[in-house]
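Visitor: Dumping the structure here so I can ask a few things about it.
The values are calculated or read from the model by the stated rules, or taken from the named source; none is laboratory data. This structure is a prediction, so every number in the text was calculated from the model and none was measured. Here the Cβ positions follow ideal geometry from the backbone for every residue, glycine too, while neighbour counts run over all protein chains shown.
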Amino acid sequence: MQIQDRRHADWLRAAGLRVTAPRMAVLAVLEHDGHPTVEDIAHAVRRRLGAVSTQAIYDVLHALQRHGLIRHVEPAGHPSRYETRVDDNHHHFICRECGAVADVDCAVGEAPCLLPADDPGYLIDEAEVTYWGRCANCRRA
């Protein structure tokens with residue numbers, strides 16, 4: 001078993017989940033491919049494991065998200081994406097042209113990064129900020 005596989009198996013066990021080939025494959029894809037869509041994940045998992053249904057991929061993603069192992073990113077007007085970076089309150093840059101997604105560290109201070117102008121009495125534990133623009137590749141083109 002490779003080091004990455006052992007680490008993923010440890011993540012699953014620590015979250016109280018069984019270690020299965022689809023779960024391991026999805027974690028490997030997410031860690032390697034950054035912010036893939038469900039379609040990207042399914043394609044990569046099928047290359048690794050053979051036939052795996054799209055519903056099985058969704059089931060794995062939902063279980064991993066429910067147990068805090070992955071994060072769901074849902075940019076307006078773009079397909080949902082997933083990532084393994086869950087240990088901080090970071091944000092995202094999304095390219096309007098090619099749809100590339102990149103992580104952006106906290107904008108100001110410590111999490112939740114941005115405090116609202118009006119305090120309606122909420123206890124804030126996370127802020128989601130999406131920066132929109134053109135990535136370096138699209139700007140060069």
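Visitor: Here's a check for you: in region 1-24, which residue that is under 30 Å from Val104 (Cβ atoms) and of a type in the set (D, E, K, R) is surrounded by the most Cβ atoms within 10 Å (Cβ to Cβ)?
Guide: Arg23
Visitor: What is the one condition in (1) out of contact with any Asp or Glu (no Cβ under 9 Å at 6 or more places or on another chain); (2) more than 24 Å from Thr130 (Cβ to Cβ); (3) buried (at least 16 other Cβ atoms within 10 Å of the Cβ) that Arg47 does not satisfy?
Guide: (3)
Visitor: Now a separate question. Is it the case that some residue within region 123-137 is modelled with pLDDT of 90 or more, in contact with a strand residue (DSSP E or B) (Cβ under 7 Å, 6 or more places away or on another chain), assigned to a strand (DSSP E or B) and within 30 Å of Asp10 (Cα to Cα)?
Guide: No, region 123-137 has no match at all.
Visitor: Another question, if that's okay. Condition (residue is within 27 Å of Asp125 (Cβ to Cβ), within 10 Å of the chain's Cα centre (by Cα) and free of Cβ contacts under 8 Å to residues at least 24 places away in the same chain) applied to region 26-43: is it met by at least one residue?
Guide: Taking every residue of region 26-43 in turn, none turns out to be within 27 Å of Asp125 (Cβ to Cβ), within 10 Å of the chain's Cα centre (by Cα) and free of Cβ contacts under 8 Å to residues at least 24 places away in the same chain.
Visitor: Just to check your reading of the model, which residue among Leu27, Leu69 is farther than 30 Å from Cys138 by Cβ and either surrounded by 14 or more Cβ atoms within 10 Å (Cβ to Cβ) or touching a strand residue (DSSP E or B) at 6+ places or on another chain (Cβ under 6 Å) (or both)?
Guide: From the options Leu27, Leu69, the qualifying one is Leu69.
Visitor: Let me ask something else. In this structure, does Ala44 turn out to be small (Gly, Ala, Ser) and at pLDDT 95 or above?
Guide: Here the answer is yes, as Ala44 does meet what is asked.
Visitor: Something else about it: Considering only residues that are modelled with pLDDT under 80 and hydrophobic (A, V, I, L, M, F, W, C), look in region 72-121 and name the one that is surrounded by the most Cβ atoms within 10 Å (Cβ to Cβ).
Guide: So the residue we want is Cys113.
Visitor: Which of the following residues is in a helix (DSSP H, G or I), under 27 Å from Gly99 (Cβ atoms) and out of contact with any Gly (no Cβ under 6 Å at 6 or more places or on another chain): Ala76, Ala9, Ala56?
Guide: Only one candidate qualifies: Ala56.
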